[in-house]
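Enquirer: One structure coming up, written as structure tokens, with questions to follow.
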Amino acid sequence: RLIALPFTRPASCRAPHPPRARPNPTAGSYSASVDDQLVHTLSPPALPVEMLSAELPLKLTKPVDLNAGARAFFDAPVVRSQVTPAAREEVERLHVKRNQLCTVQKLSITMAEDAAREFISYSSRLARFERRLEHGGRELGVRFAWKDAFKTKLKVDKPDFEWERACALFNAAACYAFLGATAHARGAVDGGLRAAKLHFEAAAGCISTVHGLVRANIWGLNPKWDPQSLSPDMHVDLLAAFKTLMLAQAQCAFCQKAVAESVRADISSKLAAQAAALFREARYTFEQPTHSQYLCGEGGLFSGADRSWIARVRANEEIFEAMAHELMASEAAAAYNYGAQVARLRLARSHAEAAEREADSLGGREKKAISALRSKLQHSASEAEKDNVNIYQEQVPSSTALPKIELKLLVKPTPPEDDTQGQPDPLRGLLPPALTTALQKHFDDIESKLYALTTRSSEDALRCQEALSSHRMPEALEACETDTKLPERILRAIVEAQEAGSLSDLRSQLDLCGNLEGEALDIVNLAGGLLSAEEDKDAQFLSENPALSLSQLRSSDTMSQCRTELHAARGHLRQAVDVTHKLRERLDKASDEIALIEAPVEQLAQQMPHKDGTPLSNEPCVPALYDLMHRLSQIKVQVEESIARWRRLKAEQQQSAALGEALLAMEATDVQQKLQEELKPYVEAAVEYSALQRQREELLQQVDVQ
């Protein structure tokens with residue numbers, strides 16, 4: 001029978017015949033077929049009926065009036081102009097959604113998936129709202145209270161949206177963990193193991209996001225949250241362990257699916273070893289005295305002290321260590337390395353016995369499944385030892401001499417999906433006060449540049465007109481074309497000038513401008529004095545209350561806005577005074593010429609010289625001057641169109657929320673750089689105008705020559 005064994009081995013063993021068969025003459029006869037024994041020792045590992053799933057409990061909360069806090073914030077003077085009806089409706093929807101989620105206190109297979117989506121959707125929409133606030137939601141004055149997941153008597157409340165989001169995502173992870181455990185119970189039926197893997201990865205992704213939110217708020221020299229103020233379930237080390245636990249359970253599901261689909265034993269063993277390593281990593285954190293007492297102590301998730309939650313983690317670690325060694329034993333037997341097979345099965349048996357000891361605190365069904373696994377491994381190890389003694393007689397290596405099983409990680413956290421991406425933002429246009437101030441300063445800078453450009457263009461146009469007037473242009477050209485006493489264009493200009501007002505009227509208007517500027521200057525100085533007095537009061541208030549800061553007061557943003565507006569108004573007033581002064585100088589200089597056209601039109605026509613004789617249009621200079629005058633007119637039109645174009649661009653940017661939205665999506669350090677880039681076109685406008693002015697000056701020189 002031993003000689004015939006290589007040729008009668010079942011095909012399921014999938015191994016070449018052994019190089020030699022070494023019978024033991026003292027072993028006696030066999031009552032069972034040696035073929036049957038080998039098939040038994042090489043059969044796939046028997047897994048427990050179901051993985052000992054460790055779920056996360058829900059965090060409980062109570063309704064808050066989010067809508068009332070938002071209304072008070074929206075009605076603030078600095079914010080009111082940015083708030084649209086769509087923004088108010090969005091906050092109302094957030095308020096309703098939160099109060100609906102407060103009713104989720106127990107999970108069931110019929111609603112857990114919808115609850116997970118709603119918790120994630122609420123967090124995403126809250127994050128979208130938070131990006132438009134300067135102090136992370138503290139402006140609303142709403143405190144979000146959440147109970148600890150394991151010890152429901154502990155409660156922590158904070159006014160931050162990030163705290164609210166972290167707790168909501170923790171509950172989303174609890175929903176996915178529940179779905180993963182439920183799907184895993186189905187095994188390979190109807191894709192249960194695949195669904196379990198995906199759900200546990202989603203739970204790990206939610207916990208990973210929670211870990212990032214908490215870590216960002218408690219680290220640094222000036223943390224936003226005191227680490228001691230957090231409930232124990234939100235400590236960063238426990239959150240990291242929860243994430244590792246969810247990944248371990250996802251790896252388990254993937255490993256069991258691989259075994260069910262008859263994946264090679266050497267690959268499946270790596271998957272099982274990785275699952276055990278992840279359980280071990282999570283267990284190290286859970287078994288720390290503080291965390292162990294918190295998770296399993298009296299008054300927590302259980303009515304009395306109960307270590308079954310950590311026992312599940314330990315049992316899973318031992319189960320998948322046993323599974324990895326059993327798979328490696330199967331691989332060793334296929335390679336006719338019977339000594340290594342025995343050593344691996346012994347290790348698998350010892351891990352199964354450790355899992356059975358941990359199962360003492362678990363339910364009857366789970367305990368029976370682990371006992372069945374231990375019995376099966378004990379029988380396999382005994383049979384392998386007997387075969388090795390009676391047949392193969394190979395040396396059994398010690399457990400430390402066995403090669404370490406390579407790990408193979410094939411799971412990763414799945415970040416929660418943001419359902420607001422690609423959707424219209426109803427809060428569009430609502431910006432944090434600091435960003436609003438920066439944007440207003442940006443548009444003030446643009447207005448200052450455009451005002452300076454407009455003033456410069458007006459002065460250059462006036463000098464051009466004076467230069468042409470010194471050559472009696474274009475009147476001289478018009479006299480060349482027709483023998484008339486008063487050209488139609490000049491006649492219209494005189495009538496329009498007379499209708500605009502006399503020299504005394506113009507002086508009265510300038511005097512009125514001067515009076516208005518004086519009154520405005522008094523008001524600006526009064527406002528500046530009031531703000532200075534308020535600054536002195538603020539300084540005294542801070543000296544009496546050193547623990548406070550002005551940024552905590554709602555009036556701080558309003559005062560900052562007032563200072564910005566006052567600074568801009570003072571600059572505009574200063575520019576207005578300069579313009580009035582220049583206009584007065586122009587009026588004084590042109591007063592004699594204005595006086596000349598105050599007489600009736602008939603009298604002016606009689607005083608015009610009568611042009612007659614040989615037409616000057618035959619002279620070569622006349623068409624050249626006509627061309628120069630036309631080109632000068634084109635430059636004037638180009639300048640006016642350019643300035644109008646830049647003003648339209650500024651108006652479009654102010655009316656559109658695109659620039660504000662782009663700045664909102666940037667880091668604070670990149671905002672100023674972006675604003676500088678947006679200011680470049682207006683700097684280039686001055687360069688473009690300078691080029692046009694150089695052309696105008698060259699044309700005027702040619703006019704002088706002609």
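Enquirer: Can you spot a residue in region 513-522 that is more than 37 Å from the chain's Cα centre (by Cα), surrounded by 15 or more Cβ atoms within 10 Å (Cβ to Cβ), at pLDDT 80 or above and not in a helix (DSSP H, G or I)?
Expert: Scanning region 513-522, I find no residue that is more than 37 Å from the chain's Cα centre (by Cα), surrounded by 15 or more Cβ atoms within 10 Å (Cβ to Cβ), at pLDDT 80 or above and not in a helix (DSSP H, G or I), so the answer is no.
Enquirer: Quickly run through region 392-401 and pick out the residues that are exposed (fewer than 14 other Cβ atoms within 10 Å of the Cβ) and not in a loop (DSSP other than H, G, I, E, B).
Expert: 399, 400, 401
Enquirer: Out of all the residues in region 463-477, which are assigned to a helix (DSSP H, G or I) and of a type outside the set (A, V, I, L, M)?
Expert: Residues satisfying the conditions are 463, 464, 465, 466, 469, 470, 475.
Enquirer: Let me ask you something else. Mind telling me which of the residues 584, 507, 574, 570 ends up being surrounded by 12 or more Cβ atoms within 10 Å (Cβ to Cβ), over 42 Å from the mean Cα position of the chain (by Cα) and under 29 Å from residue 435 (Cβ atoms)?
Expert: 574
Enquirer: Check region 218-228 and report whether any residue there is in contact (Cβ under 8 Å) with a residue 60 or more places away in the chain, part of a loop (DSSP other than H, G, I, E, B) and crowded, with 18+ Cβ neighbours inside 10 Å.
Expert: yes
Enquirer: Then there is this: Taking the stated definitions as given, is residue 213 more than 28 Å from residue 164 (Cβ to Cβ) and at pLDDT 90 or above?
Expert: no
Residues are listed down the side, and each one gets a yes or a no for (1) part of a loop (DSSP other than H, G, I, E, B); (2) touching a helix residue (DSSP H, G or I) at 6+ places or on another chain (Cβ under 7 Å); (3) in contact (Cβ under 8 Å) with a residue 60 or more places away in the chain; (4) more than 19 Å from residue 210 (Cβ to Cβ):
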{"residue": "103", "(1), (2), (3), (4)": "yes, no, no, yes"}
{"residue": "106", "(1), (2), (3), (4)": "yes, no, no, yes"}
{"residue": "109", "(1), (2), (3), (4)": "yes, yes, yes, yes"}
{"residue": "116", "(1), (2), (3), (4)": "no, yes, yes, no"}
{"residue": "119", "(1), (2), (3), (4)": "no, yes, no, no"}
{"residue": "123", "(1), (2), (3), (4)": "no, yes, yes, no"}
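Enquirer: Related question: So is residue 404 without any contact (Cβ under 8 Å) to a residue 40 or more places away in the chain and either part of a loop (DSSP other than H, G, I, E, B) or surrounded by fewer than 18 Cβ atoms within 10 Å (Cβ to Cβ) (or both) or not?
Expert: Considered against the rule, which asks whether it is without any contact (Cβ under 8 Å) to a residue 40 or more places away in the chain and either part of a loop (DSSP other than H, G, I, E, B) or surrounded by fewer than 18 Cβ atoms within 10 Å (Cβ to Cβ) (or both), residue 404 comes out as yes.
Enquirer: Quickly run through region 621-680 and pick out the residues that are of a type in the set (D, E, K, R) and in contact with a Phe, Trp or Tyr (Cβ under 8 Å, 6 or more places away or on another chain).
Expert: Of everything in region 621-680, just one residue is of a type in the set (D, E, K, R) and in contact with a Phe, Trp or Tyr (Cβ under 8 Å, 6 or more places away or on another chain), namely 650.
Enquirer: Quick one: count up the residues across region 488-542 that are within 19 Å of residue 578 (Cβ to Cβ) and polar (S, T, N, Q).
Expert: Here the count works out to 3.
Yes or no, residue by residue, for (1) closer than 26 Å to residue 173 by Cβ; (2) of a type outside the set (A, V, I, L, M, F, W, C); (3) modelled with pLDDT of 90 or more:
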| residue | (1), (2), (3) |
| --- | --- |
| 246 | yes, no, yes |
| 253 | yes, no, yes |
| 263 | no, no, yes |
| 273 | yes, no, yes |
| 312 | yes, yes, no |
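Enquirer: When both residues are 6+ apart or on different chains and their Cβ atoms are under 8 Å apart, which pairs have a first residue that lies in region 185-196 and is assigned to a helix (DSSP H, G or I), and a second that is of a type in the set (Ser, Thr, Tyr) and buried (at least 18 other Cβ atoms within 10 Å of the Cβ)?
Expert: 185/53
Enquirer: Report, by residue number, each residue of region 51-66 that is buried (at least 17 other Cβ atoms within 10 Å of the Cβ) and part of a loop (DSSP other than H, G, I, E, B).
Expert: 51, 52, 53, 54, 55, 56, 57, 58, 59, 60, 64
Enquirer: Please specify each residue of region 660-674 satisfying the condition of being surrounded by 17 or more Cβ atoms within 10 Å (Cβ to Cβ) and out of contact with any Lys or Arg (no Cβ under 7 Å at 6 or more places or on another chain).
Expert: 660, 671
Enquirer: Pull out all pairs, ordered by first then second residue, where Cβ-Cβ is under 8 Å, the residues are six or more apart or on different chains, the first lies in region 78-100 and is basic (Lys, Arg), and the second is open to solvent by 30 Å² or more (accessible area, probe 1.4 Å) and modelled with pLDDT under 90.
Expert: Cβ pairs passing all conditions: 88/71.
Enquirer: Separate question: I need every pair where a residue in region 269-292 that is among the hydroxyl-bearing types (Ser, Thr, Tyr) has its Cβ under 7 Å from the Cβ of a residue that is open to solvent by less than 40 Å² (accessible area, probe 1.4 Å) and outside any helix (DSSP H, G or I), sequence separation at least 6 or different chains.
Expert: Taking only residues 6 or more apart or on different chains, the pairs are 269/405.
Enquirer: Please work out if residue 253 is open to solvent by less than 20 Å² (accessible area, probe 1.4 Å), part of a helix (DSSP H, G or I) and under 30 Å from residue 327 (Cα atoms).
Expert: yes
Enquirer: Kindly provide the set of residues from region 407-418 that are open to solvent by less than 90 Å² (accessible area, probe 1.4 Å) and within 25 Å of the chain's Cα centre (by Cα), ordered by number.
Expert: Of everything in region 407-418, those that are open to solvent by less than 90 Å² (accessible area, probe 1.4 Å) and within 25 Å of the chain's Cα centre (by Cα) turn out to be 411, 413, 414, 416, 418.
Enquirer: Would you check if residue 389 is in contact (Cβ under 8 Å) with a residue 60 or more places away in the chain, surrounded by fewer than 17 Cβ atoms within 10 Å (Cβ to Cβ) and β-branched (Val, Ile, Thr)?
Expert: Yes; evaluated as a whole, the condition is true for this residue.
Enquirer: Now, a different point. Looking at residue 220 and the list (1) on the phi > 0 side of the Ramachandran plot; (2) modelled with pLDDT of 95 or more, which single condition is not satisfied?
Expert: (2)
Enquirer: Give me the residue from region 547-567 that is at pLDDT below 75 and more than 16 Å from residue 134 (Cα to Cα) and, out of that set, least open to solvent (accessible area, probe 1.4 Å).
Expert: So the residue we want is 548.
Enquirer: Taking region 336-366 as the search range and keeping residues that are among the basic types (Lys, Arg) and touching a residue at least 40 places away in the same chain (Cβ under 8 Å), which one is most open to solvent (accessible area, probe 1.4 Å)?
Expert: 365
Enquirer: Within region 67-87, identify whether any single residue is β-branched (Val, Ile, Thr), at pLDDT 90 or above and either surrounded by 14 or more Cβ atoms within 10 Å (Cβ to Cβ) or in contact with a Cys (Cβ under 8 Å, 6 or more places away or on another chain) (or both), and answer yes or no.
Expert: Scanning region 67-87 turns up no residue that is β-branched (Val, Ile, Thr), at pLDDT 90 or above and either surrounded by 14 or more Cβ atoms within 10 Å (Cβ to Cβ) or in contact with a Cys (Cβ under 8 Å, 6 or more places away or on another chain) (or both).
Enquirer: Here's a follow-up. Please go through region 626-659 and give me each residue that is surrounded by 14 or more Cβ atoms within 10 Å (Cβ to Cβ) and outside any helix (DSSP H, G or I), ordered by number.
Expert: 657
Enquirer: Take region 587-625 and flag every residue that is among the polar types (S, T, N, Q), open to solvent by less than 70 Å² (accessible area, probe 1.4 Å) and either modelled with pLDDT under 80 or touching a strand residue (DSSP E or B) at 6+ places or on another chain (Cβ under 8 Å) (or both).
Expert: Selection gives 617 alone.
The values are calculated or read from the model by the stated rules, or taken from the named source; none is laboratory data. Keep in mind the model is a prediction, meaning the values are calculated, not measured. Using ideal geometry, Cβ is built from the backbone for each residue, glycine included, and neighbour counts are taken over all protein chains shown. What goes into the accessible areas is simple: the full protein's heavy atoms, side chains included, and nothing from ligands, DNA or RNA. Shrake-Rupley method; radii C 1.70, N 1.55, O 1.52, S 1.80 Å.
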